[in-house]
Amino acid sequence: MCDRPDPSDGETDRPMILLLVDDEALRDALRFSLETDGYAVRAPADTHGCLSCSDCRAAACVVIDDGDTTLPPTTPGRPTIVLTGDAQRLARRGVTGVTLVEKPLLDDRLGRELSTLLARAAPGL
């Protein structure tokens, strides 16, 4: 089940990021960081069930941790960022059409990439 925001909390006014990270500590830290940056975030513990949720399909961008090898590396039709510890491995697997952000996340690279992707997806906003 997805962790749907309460519409009264103002999250509907912000771009929604779907955060598919199976590691709870990393998921919580990224959620906090992205919410601090002004994004609405859905970060379900059940990452697989959320991919088919109609609310989650409306996400402006999907962030996937490649540590969960059971998740698809792309989400067609939406900007996707893959957090990876081994970009070369993903390249060998033929993963294309996504933005790779290498771990460890030591600076604001994720935030910069999100801003860039969302600006490209919705020019003029």
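The values are calculated or read from the model by the stated rules, or taken from the named source; none is laboratory data. All figures in this text were calculated on a predicted structure; none of them were measured in a lab. Cβ atoms come from the backbone with ideal geometry, glycine included; neighbour counts cover every protein chain shown.
Figures for the structure shown
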{"read-out": "Residues of the range 20-45 satisfying the condition of being closer than 24 Å to LEU90 by Cβ and out of contact with any helix residue (DSSP H, G or I) (no Cβ under 8 Å at 6 or more places or on another chain)", "value": "ASP23, GLU24, ALA25, LEU26, ARG27, ALA29, ARG31"}
{"read-out": "When residues of the range 101-117 are limited to those that are surrounded by 13 or more Cβ atoms within 10 Å (Cβ to Cβ) and outside any helix (DSSP H, G or I), the one modelled with the lowest pLDDT", "value": "LEU105"}
{"read-out": "Qualifying positions in the range 29-60 - among the aliphatic types (A, V, I, L, M) and free of Cβ contacts under 8 Å to residues at least 60 places away in the same chain", "value": "ALA29, ALA40, VAL41, ALA43, ALA45, LEU51, ALA58, ALA59"}
{"read-out": "GLY94 vs. criteria at pLDDT 90 or above, closer than 25 Å to ARG120 by Cβ and out of contact with any strand residue (DSSP E or B) (no Cβ under 8 Å at 6 or more places or on another chain)", "value": "no"}
